[in-house]
1. Looking only at the range 140-161, filter to residues that are surrounded by 19 or more Cβ atoms within 10 Å (Cβ to Cβ) and of a type in the set (D, E, K, R); which one of those is nearest to ILE88 (Cα to Cα)?
2. If I go through the range 18-60 residue by residue, how many of them are part of a helix (DSSP H, G or I), over 21 Å from PRO201 (Cβ atoms) and either within 16 Å of ligand 2 (Cβ to nearest atom) or of a type in the set (A, V, I, L, M) (or both)?
3. Return only the number of the condition from (1) away from ligand 1 (no atom under 16 Å from the Cβ); (2) farther than 29 Å from GLY160 by Cα; (3) buried (at least 20 other Cβ atoms within 10 Å of the Cβ) that TYR71 does not satisfy.
4. Filter the range 92-102 for residues that are free of Cβ contacts under 8 Å to residues at least 24 places away in the same chain and not basic (Lys, Arg); which is farthest from LEU152 (Cα to Cα)?
5. Check off (1) touching a helix residue (DSSP H, G or I) at 6+ places or on another chain (Cβ under 7 Å); (2) under 19 Å from GLY278 (Cβ atoms) for ASP2 and give me the number that stays unchecked.
6. In the range 321-353, which residues are hydroxyl-bearing (Ser, Thr, Tyr) and more than 14 Å from VAL366 (Cβ to Cβ)?
7. If you scan the range 194-217, which residues turn out to be within 24 Å of ILE361 (Cβ to Cβ), assigned to a helix (DSSP H, G or I) and in contact with a helix residue (DSSP H, G or I) (Cβ under 7 Å, 6 or more places away or on another chain)?
8. Take VAL57 and tell me if it is within 14 Å of ligand 1 (Cβ to nearest atom) and either in contact with a Leu (Cβ under 8 Å, 6 or more places away or on another chain) or without any contact (Cβ under 8 Å) to a residue 12 or more places away in the chain (or both).
Amino acid sequence: MDPIKNPFSPGAGSPPPELVGRDPVLDQARILLGRVKQKRPEKSLLLTGLRGVGKTVLLNEIERMAKRADYRTISIEAHEDKPLGILIAPYLRSLLFELNRIAGTVDKIKRGLAVLKSFVGSLKVKLDDVSIGVDIEPETGSADSGDLEIDLPTLFVAIGEAAEDRKTAVAIFIDEVQYFDRKELGALIMAMHKVQQRQLPLVLLGAGLPILPALAGESKSYAERLFSFPDIGALSSEDSAKAIQDPARAADVEFESSALEEVFRQTKGYPYFVQEWGYQSWNMAKTSPIGKRVIVEATESVIARLDQNFFRVRYDRLTPSEKNFLRAMAELGPGPQRTGDIALKLKVKVTGLGPVRAKLIKKGIVYSPAHGDMAFTVPLFDQFMIRAIPDFTP
Ligand SMILES: Nc1ncnc2c1ncn2[C@@H]1O[C@H](COP(=O)(O)OP(=O)(O)O)[C@@H](O)[C@H]1O
Ligand SMILES: [Mg+2]
């Protein structure tokens, strides 16, 4: 088929030709946005799931939804080593400037900027790109204690009040939330707690790895009363078929049902892989309808591409001992593994694995679905590890 017309879109955050199987969570988001705008209480959304299931794509879709509903939005992505305060301040600044352009009284916006100015002033690190404006005096005593759990709530409330004053609503989107440390996550939760108590039109929508609910709960026990954690998973076989079938049909190309079944068998319904198989088999197919044989033939190039892109970027950031740990895990199989069993495979003591394990969690390669268990955050990573290191010798 014509590669130029290829509808499939494998890639981090690449919008799929059709966003299948996500209606329930999109509905939940629509209700949340609708309620917050009317200042009714509703739990904020933190989407959770493995890498490549479509969290970023969903967040972006919800952001479009928010904009259509007249929300002012900002969208940020957390990083391994960028503190929350420094990350968020420039965005809040543009948000306040945007609110300032809507007609209304000046006071609330000025106050928001003044609070932001004192917040930024209290960040230990210098922020070059956040100049708040010379005419704004920092509001001494607000959001400048240097304790994020006190300052961030004050700042969020000031911004919520500014939005309320302008008769609009604000939605803050944060991707990769698991990268925040405990204190930062705690500050975010407390900030949303204060915003909810005052019924301000400010909503938080985030996404992160499956560890997120546990992190949030450890940080603040009341987190589950404030947040809902929809589990974004693999697609059902029907949805996986639809994800391939519908975009192809729109371009007058058919997939045979045996081909669609084969895609599901290979991908287990993981959206990233579905896109990758769709993309490669489209390019390889000579005629429509595309049969099972093409899917099977595409497998080799799909695996090669996944190895080079999806898996390799993560692998290349690993130290030899981290690779060894993951290889031992892969040896045990795809599901969650007991740390004790990994230690046995590596012929070391469990206690000795602590530092490697902690680094791998920080890098977002593995997570702990239950106490003492380790699982890969990337589907099919176990098979990749075996391809990358065929002979395992502890
Ligand atoms: N509902 C869906 N149906 C089909 N493909 C999807 C769906 N959601 C995401 N994808 C595809 O999956 C890939 C990964 O999406 P992304 O949002 O980056 O995942 P995550 O943020 O969870 O790692 C992209 O190529 C995207 O086009
Ligand atoms: Mg993502």
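The values are calculated or read from the model by the stated rules, or taken from the named source; none is laboratory data. Every value quoted in this text rests on a predicted model; they were computed, and no experiment measured them. No Cβ is skipped: glycine too gets one built from the backbone with ideal geometry, and neighbour counts run over all protein chains shown.
1. ASP151
2. Count: 6.
3. It fails just one condition, (2).
4. Looking at residues that are free of Cβ contacts under 8 Å to residues at least 24 places away in the same chain and not basic (Lys, Arg), I get ASN100.
5. Among (1) touching a helix residue (DSSP H, G or I) at 6+ places or on another chain (Cβ under 7 Å); (2) under 19 Å from GLY278 (Cβ atoms), ASP2 violates only (1).
6. THR351
7. LEU212, LEU215, ALA216, GLY217
8. Judged against the criteria, VAL57 is a match.
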